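Chemist: A single structure is presented below for examination.
The values are calculated or read from the model by the stated rules, or taken from the named source; none is laboratory data. If you're wondering where the values come from, they're calculated on a predicted model, not measured in any experiment. So basically every Cβ, Gly included, is an ideal-geometry build from the backbone, and we count neighbours across all protein chains shown.
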Amino acid sequence: MVAIGAGLAVLTGLGAGIGIGVATAKAVEATARQPEASGKIQTNLLIGCALAEATAIYGFVIGLLLVIMK
């Protein structure tokens, strides 16, 4: 049962990967449409990617804790 919970916790990395991919695609599209706004777009992209990656790291840590603390 612990292994199932740890596996589900680590699956947050899948959602984060998809989210970062979609965000990057939209940022590239926005930069192609408005090159003069690339600085602001890049800033927002990096903040969003950092938040998505933090979610994946939290899921990974929870998965590790579930396995180690069983």
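Here is a yes/no grid of residues against (1) surrounded by fewer than 13 Cβ atoms within 10 Å (Cβ to Cβ); (2) over 10 Å from the mean Cα position of the chain (by Cα); (3) part of a helix (DSSP H, G or I); (4) on the phi < 0 side of the Ramachandran plot:
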{"site": "LEU8", "(1), (2), (3), (4)": "no, yes, yes, yes"}
{"site": "GLY13", "(1), (2), (3), (4)": "no, no, yes, yes"}
{"site": "ALA23", "(1), (2), (3), (4)": "no, no, yes, yes"}
{"site": "ALA27", "(1), (2), (3), (4)": "no, yes, yes, yes"}
{"site": "ALA32", "(1), (2), (3), (4)": "yes, yes, yes, yes"}
{"site": "GLU36", "(1), (2), (3), (4)": "yes, yes, yes, yes"}
{"site": "LYS40", "(1), (2), (3), (4)": "yes, yes, yes, yes"}
{"site": "CYS49", "(1), (2), (3), (4)": "no, no, yes, yes"}
{"site": "ALA52", "(1), (2), (3), (4)": "no, no, yes, yes"}
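Chemist: Could you check the range 54-70 and list, in sequence order, the residues that are part of a helix (DSSP H, G or I), in contact with a helix residue (DSSP H, G or I) (Cβ under 9 Å, 6 or more places away or on another chain) and without any contact (Cβ under 8 Å) to a residue 40 or more places away in the chain?
Modeler: From the range 54-70, those part of a helix (DSSP H, G or I) are 54-68; that's our starting set.
With the extra rule that they be in contact with a helix residue (DSSP H, G or I) (Cβ under 9 Å, 6 or more places away or on another chain), the set shrinks to 54-67.
Listed by number, the residues that qualify are ALA54, ILE57, VAL61, LEU65.
Chemist: Is there a residue being in contact (Cβ under 8 Å) with a residue 60 or more places away in the chain and out of contact with any Gly (no Cβ under 8 Å at 6 or more places or on another chain) anywhere in the range 19-38?
Modeler: no
Chemist: Inspect the range 2-10 for any residue being among the aliphatic types (A, V, I, L, M) and modelled with pLDDT of 90 or more and give the result as yes or no. Show your work before the answer.
Modeler: Quick first cut of the range 2-10, residues among the aliphatic types (A, V, I, L, M) only: 2-4, 6, 8-10.
Within this subset, residues satisfying the condition of being modelled with pLDDT of 90 or more are none.
For the range 2-10, residues among the aliphatic types (A, V, I, L, M) and modelled with pLDDT of 90 or more: absent.
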